[in-house]
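The values are calculated or read from the model by the stated rules, or taken from the named source; none is laboratory data. Keep in mind it's a predicted model, so treat the numbers as computed, not measured. Note that we place each Cβ from the backbone using ideal geometry, even for glycine, and neighbour counts take in every protein chain shown. Quick note on the areas: whole protein, heavy atoms, side chains included, nothing else; ligands and nucleic acids left out. Shrake-Rupley method; radii C 1.70, N 1.55, O 1.52, S 1.80 Å.
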Amino acid sequence: MPPTRSLRSRILVPAAVLAAGALIAAPIVVHASKDSPVATANAADSTVTALPSVGRVETCVLDASSGCTVLHGFGQKPVAITATASGPATLSIDPRRTTDASYRLRALRYDGDRYRAGTKLTYTVHYDFTPAPGQPTTPTPTATTTPTKPPTSSTPTPTQTTTTTTTPTKPPTTTTPPTTTTPPTTTPTSTGSPSQSCTNPSFVTTSTNNQGDGRTFGAYYVHNNMWNNENGTYTLSACNYNNWYVDVTQPLPGDKGVQAYPNVHKDYNDVALSKIQSAKFAASTPANCPACIYNVAFDAWIGDDLNNELMIWTDNKGQVPAGRKIGTVTFSGFTYDVWHESGYTAYVSQVTQKSGTMPLASFFNDMITRGWAPKATTWQVDFGVEVVSTGNTKQRFNFTDFSIQEN
């Protein structure tokens, strides 16, 4: 999230790749024009009905719309398709154009612009064919408060390179000013992490460069997301979606930007924000790492594609969000600094929160009130750590609770 967003273009599509037991095919070159699909499957794909998921490498030549239509060759519609580029690209797959024969992939550059027609793109694609189980009963939503009135003075542009390069949505022509609230008389300083630990992981993956693996656990996906990594090593070990850790050795990168976002997330099919109420969370960070730069954060994509990003930072070491600080809000006893620019909003907790229940509905409602969510839907909600550097030392980040409560 920096003065220019071109150095932080996280590939946070539902980017699952090469899950355990996946079927891997050699790279296949495909040439596609708009609405003129080409096949990418081979004979081995006929075994897909016996597999819960399939992963493989594919290559396509992008058309004038910066996309391509691909015939997957499985003969049945996947429950989900997710993709990660092997180079500098942001990928998305339109679920409305996914059938039992094909899917439509779209690619954008790190700066949010389209690619030129004829650009060849290599990526890994992951197909899920097993439906996720239903959500547990949702508890009563956490009560919310209205945000405080933003200050009239502006905040200088931050110098820390930590932003995305996704194409921002058009800013609203008018913004509804939030009403003023009285903050609580006491402010919590922090919350403790549960003692749960992952001692016998069922999934372990080591990722470098711009590719990272993941695994589905029920309705959730744990992903070693290497969206911008060039010189770090990330080993993710997972016992479950709510019990995993990642060991990171990351030198300070030349661009001083976010290199990776190991996370757990749930994918949605354009669900209304009003359906999602809160999320339990817990994370612990290195106890002694003076050279570490990172933030632990929720991340949600509002509306369509990658045009409107919402982040909630619960733990921050050396990071500054994009845009400018426009005020504060207080939800459930915690006060957050609000940073905003067109297409990106970050709520940064003024104190470290190691665990608790995050009132997601409060943040969604605040964005809607301010006019920052023209389309009040989401297709993905994540929780993980954005890593810039560990000073080239091996450091561990633990995630020992996560679940989304819906109504």
FRET E, pair residue 352, residue 64, Förster distance 41 Å, beta-carbon r, rounded to 0.05
0.30
Give the long-range amide H neighbours of residue 213: residues separated by 5 or more places, or on another chain, with amide H under 5 Å away, using H modelled in the peptide plane at 1.01 Å from N.
224
Rounded to whole Hz and in sequence order, give me ³J(HN,Hα) for the range 341-357 from the Karplus expression 6.51 cos²θ - 1.76 cosθ + 1.60, θ = phi - 60°, writing x for Gly and Pro.
8, 4, x, 8, 9, 10, 9, 10, 4, 6, 10, 6, 10, 7, 7, x, 10
Reachable aspartates and glutamates from residue 120, criterion Cα separation under 13 angstrom, eight or more residues apart if same chain
58, 63
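Using mean Cβ contacts within 10 Å as the protection proxy, how do 68-77, 375-384 order, highest first? It would help to have the intermediate numbers written out before the result.
Values: 68-77: 18.9, 375-384: 21.0.
Most protected by this proxy first, the peptides run 375-384, 68-77.
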The simple spin-label model distance between residue 202 and residue 332, using points 7 Å out along Cα→Cβ, in nm, is 2.7 nm
What are the ³J(HN,Hα) couplings of the range 372-389, residue after residue, when phi is run through the Karplus curve with 6.51, -1.76, 1.60 and θ = phi - 60°? Round to Hz, x for glycine and proline.
9, 10, x, 10, 7, 9, 9, 10, 6, 10, 10, 8, x, 10, 8, 10, 9, 7
Which far-off residues, 5 or more places away or on another chain, put their amide H under 5 Å from the one on residue 119, with H placed in the peptide plane?
62
Sorted by chain and then number, the residues having a modelled amide H within less than 5 Å of the amide H of residue 277, at least 5 places away or on another chain, are 405, 406, 407
Between residue 130 and residue 230, how many nm apart are label points set 7 Å from Cα along the C-beta direction?
3.9 nm
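Calculate, for the range 191-290, the solvent-accessible area per residue in square angstrom, rolling a 1.4 angstrom probe over the heavy atoms of the protein chains.
Details: 3650 Å² over 100 residues.
Computed with neighbouring chains in place, this is 36 Å² per residue.
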Whole-Hz ³J(HN,Hα) from phi, Karplus 6.51 cos²θ - 1.76 cosθ + 1.60, for the range 217-228, glycine and proline x
10, x, 7, 10, 10, 9, 9, 7, 7, 9, 5, 9
Between residue 369 and residue 407, what is 0.36 nm times their sequence separation minus the Cα-Cα distance? Round to one decimal in nm.
11.6 nm
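Leaving ligands, DNA and RNA out of it, report the carbon-plus-sulfur percent of the accessible area of the range 302-407 at a 1.4 Å probe.
On the way: 1320 of 2750 Å².
Carbon and sulfur atoms account for 48 percent of the accessible area of the range 302-407.
A 20 angstrom limit on the alpha carbon distance is what I want to check against. Which of 280/354; 266/394; 280/317; 275/375; 317/394 exceed it?
Details: 280/354 11 Å; 266/394 28 Å; 280/317 22 Å; 275/375 14 Å; 317/394 17 Å.
Over 20 Å apart, Cα to Cα: 266/394; 280/317.
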So, in nm, how far is label residue 76 from label residue 324 when the simple model puts each one 7 Å beyond its Cα toward the Cβ?
5.5 nm
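Given 0.36 nm per residue, what is the gain on full extension from residue 287 to residue 247 after removing their alpha carbon distance, in nm? Don't skip to the end; give the middle numbers.
Details: separation 40, 0.36 × 40 = 14.40 nm, distance 1.36 nm.
Contour length minus Cα-Cα distance gives 13.0 nm.
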